[in-house]
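The values are calculated or read from the model by the stated rules, or taken from the named source; none is laboratory data. Predicted model only: the values in this text are computed from it and were never measured. We place every Cβ from the backbone using ideal geometry, glycine too, and count neighbours over all the protein chains shown. Surface accessibility is based on the protein's heavy atoms, side chains included, excluding ligands, DNA and RNA. Shrake-Rupley method; radii C 1.70, N 1.55, O 1.52, S 1.80 Å.
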Amino acid sequence: MFPVYFELGALRLHPHFVMEAIAYGVGLYFVLLRRNKRDVVATEELKHQETPITASQRSSISVGALVGALVGAKLLVMVQHLNLLGTDWRQFALLIVQGKTIVGALLGGLIGVEVTKKMIGVRRSTGDGFVFPVLWGMAIGRVGCFLTGLSDRTYGIATTLPWGVDCGDGIARHPTQLYEIAFLIGLFGFLRWFARRPSREGDLFKLFMIAYLAFRLIVDFIKPEFRPVLGLSAVQMACVGGLLYYRPHLLRLLSLMRASGEPGQSR
């Protein structure tokens, strides 16, 4: 039965609330752990002897990322479900209040960071240290999406495959939330491999964004979404925009990965 509530004594907790709380906690833990161990950013600062980013600058960048992520997550979910305005405005309003999109949060956070860095005069890449905390937070959060069922609107289209899941409406659907969890676990292993290879500061974050946006562009084709332009949903169009933004780095990163796989190139 969906949603799958968590029972805690007399409390009946919604799966989204529980898993998001765990996701934020795990993400914060890994951020602090990396900070205590002098994370990749700090190591690169010492290696290249560049001007280090001060604590106040890091705080400003974090605020910019948070504000951008919140705005992006809400704005994109609104555009994604504009079709509900004429058919079910109450559901549209509920989605605006409760809904959010990971793609919107990532791209909004990216914009927030870049704007903030420009304002305070920071030119260095700052995203590498957040890749793994964000990745694990996303994977845990998707568990909550799956356990929520239909009201989450992250389910897939109908399927006859044996692993189709009935979210409560009697229709076996692609468990796209589970597909994403599996993808993120695989991406974690790949990025761990890449992080041990020589690369530029910021490459880890770029590769994470390219991989995730490409995945979402593909997997969202098996979601029952409103597709107003060229058969693409708003989330998919945002993914295309993000991939175009990173296009100048794609060939270099592919070349770097090929070189890393050759004998004598790893470290």
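Kindly establish whether residue 217 is in contact with a strand residue (DSSP E or B) (Cβ under 9 Å, 6 or more places away or on another chain) and over 14 Å from residue 128 (Cα atoms).
yes
Report every pair of residues separated by at least 6 positions or lying on different chains whose Cβ atoms are under 7 Å apart, first residue within the range 162-180 and touching a residue at least 60 places away in the same chain (Cβ under 8 Å), second buried (at least 17 other Cβ atoms within 10 Å of the Cβ).
167/2; 167/149; 167/155; 167/173; 168/2; 168/149
State which residue is surrounded by the fewest Cβ atoms within 10 Å (Cβ to Cβ) when the search covers only the range 76-126 and only residues that are in a loop (DSSP other than H, G, I, E, B) and polar (S, T, N, Q).
Applying the filter and picking the extreme gives 87.
List pairs: first residue in the range 83-111 and hydrophobic (A, V, I, L, M, F, W, C) and at pLDDT below 75, second residue outside any helix (DSSP H, G or I) and surrounded by 15 or more Cβ atoms within 10 Å (Cβ to Cβ) anywhere in the structure, Cβ distance under 8 angstrom, at least six positions apart or on different chains.
These pairs meet every condition: 92/81; 95/81; 95/153.
Going by what's in this entry, would residue 194 be described as of a type outside the set (A, V, I, L, M), closer than 20 Å to residue 82 by Cβ and either open to solvent by less than 20 Å² (accessible area, probe 1.4 Å) or touching a helix residue (DSSP H, G or I) at 6+ places or on another chain (Cβ under 9 Å) (or both)?
no
Does residue 180 qualify as being in a helix (DSSP H, G or I), open to solvent by 20 Å² or more (accessible area, probe 1.4 Å), under 25 Å from residue 65 (Cβ atoms) and of a type in the set (Asp, Glu)?
no
Taking the range 147-166 as the region of interest, how many residues are open to solvent by less than 30 Å² (accessible area, probe 1.4 Å) and assigned to a loop (DSSP other than H, G, I, E, B)?
Summing the residues that are open to solvent by less than 30 Å² (accessible area, probe 1.4 Å) and assigned to a loop (DSSP other than H, G, I, E, B) in the range 147-166 gives 4.
Check the range 237-256 and report whether any residue there is part of a loop (DSSP other than H, G, I, E, B), exposed (fewer than 10 other Cβ atoms within 10 Å of the Cβ) and at pLDDT 85 or above.
No, the range 237-256 has no match at all.
Any residue in the range 167-176 that is of a type in the set (A, V, I, L, M, F, W, C), at pLDDT 95 or above, closer than 28 Å to residue 21 by Cα and open to solvent by 10 Å² or more (accessible area, probe 1.4 Å)?
no
List pairs: first in the range 53-64 and under 12 Å from residue 115 (Cα atoms) and at pLDDT 85 or above, second of a type in the set (S, T, N, Q) and surrounded by 16 or more Cβ atoms within 10 Å (Cβ to Cβ), Cβ under 7 Å, 6+ apart or cross-chain?
Going by the 7 Å Cβ cut-off, the qualifying pairs are 60/116; 61/116; 61/126; 64/116.
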